[in-house]
Amino acid sequence: MATVLMKIKDIEDEMARTQKNKATAHHLGLLKAKLAKLRREILAPSSSKGAGGAGEGFDVTKSGDSRVGLVGFPSVGKSTLLNKLTGTFSEVASYEFTTLTCVPGVIRYRGAKVQLLDLPGIIEGAKDGKGRGRQVISTARTCNCILIVLDAIKPITHKRLIEKELEGFGIRLNSEPPNMTFRRKDKGGINFTSTVSNTHLDLETVKAICGEYKIHNADISLRFDATADDLIDVIEGNRIYMPCIYVINKIDQVTMEELEILDKLPHYCPVSAHLEWNLDGLLEKIWEYLDLIRVYTKPRGMSPDYEDPVILSAKKCTVDDFCQRIHKDMVKQFKFALVWGSSAKHKPQRVGREHQLEDEDVVQIIKKV
């Protein structure tokens, strides 16, 4: 472990010393690839809990319709936020590191059950295995959305530090997977093509990065101006792309002028957990970033059940997904469905399993006799 950490520091120092220009691009790309491999080695889950596995309090069973993680430095108000949003008791104190295990709670919002995890305060160096960083960020990777909780008094410094820790563990915030095709092959060398003008990657850099991974034959096609980091992410293949909201807490302690500056941050939501300011706005933003829809069931001859909707991801919301969510056997018995709502051309519309549903549609499943 110590040897790997020393290697990581040596590479980071060399990268800091190296000037960024076209002549050094392939060398920096090679260093970044070496760094990614070392980080994977140090953060790979161990078979032994004592050697850095989930550990006590971190093996939290996923429940509900979605999972949201609270990440932040100690004493920024994560536990207070969890208590106010979910009614779960997570010990709150004015001293640091109160939360030493992962505390789950449930938010009930618009008919959905959202599991909220209060993760122990992240510290600088978590990505390199310091403190309990490995467990914190491993659990964060299982979430559907991250809330980075920041203190309104010093938000920007903490924001950058936490982003660096999460990035180092392969979590990509508010971004999509690189628009790149990467296919290994048995022979033919490295074939590199780009449909756009590329300022960051050239064939020499691509070959240097692939060589570090012992990849000597591959087809790589870019459809955007990709960087060395993008190529490494695709080769590593274990990156998590997830939405993130920056929750600026304790806004009761800053001036209106300071609040206006913070207001320019993208993906930002100001709150005071202690005074319960703008918690409704935060819940609305969480719902938006989770990208969920509600679909109501309608048993034959009965009114729709508006109390207990079926919650689906807006990316996976066909009638087939709806059936699978209720019970896998429903797909076998499926004949057709009747749909009322914004996705239906007429009320009701008779549809098949491939029909795309929209928020607050009503669905009645007709089974085979």
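The values are calculated or read from the model by the stated rules, or taken from the named source; none is laboratory data. Note that the structure is a prediction, hence the values are computed from the model and not measured. Note that each Cβ is placed from the backbone with ideal geometry, even for glycine, and that neighbours are counted across all protein chains shown.
Just a few scattered comments:
- Candidates GLY53, GLY57, GLY131, filtered to the one that is in contact with a Ser or Thr (Cβ under 8 Å, 6 or more places away or on another chain), at positive phi, assigned to a loop (DSSP other than H, G, I, E, B) and at pLDDT below 60: GLY57
- Screening ASP230 on (1) in contact with a Pro (Cβ under 9 Å, 6 or more places away or on another chain); (2) under 22 Å from GLU167 (Cβ atoms); (3) assigned by TED's automatic domain parsing to the domain that holds ILE146; (4) modelled with pLDDT of 90 or more shows it passes everything except condition (3).
- Long-range neighbours under 8 Å by Cβ, at least six apart or interchain, first residue part of a loop (DSSP other than H, G, I, E, B) within the range 172-183, second of a type in the set (D, E, K, R): PRO177/ASP233; PRO177/ARG239; PRO178/ASP230; PRO178/ASP233; ASN179/ARG223
- Which numbered condition PHE169 fails, given (1) under 20 Å from the mean Cα position of the chain (by Cα); (2) among the aromatic types (Phe, Trp, Tyr); (3) assigned by TED's automatic domain parsing to the domain that holds ILE8: (3)
- Per the conditions (1) touching an Asp or Glu at 6+ places or on another chain (Cβ under 9 Å); (2) among the basic types (Lys, Arg); (3) crowded, with 19+ Cβ neighbours inside 10 Å, the sole criterion not satisfied by LYS285 is (1).
- Single match in TYR246, TYR296 (criterion: within 15 Å of the chain's Cα centre (by Cα) and assigned to a strand (DSSP E or B)): TYR246
- Filtered residues of the range 260-293 (kept if more than 21 Å from the chain's Cα centre (by Cα), free of Cβ contacts under 8 Å to residues at least 60 places away in the same chain and either in a helix (DSSP H, G or I) or under 20 Å from VAL68 (Cβ atoms) (or both)): GLU260, ILE261, SER272, TRP277, ASN278, ASP280
- The set of residues from the range 217-227 being modelled with pLDDT under 95 and touching a helix residue (DSSP H, G or I) at 6+ places or on another chain (Cβ under 7 Å) is empty.
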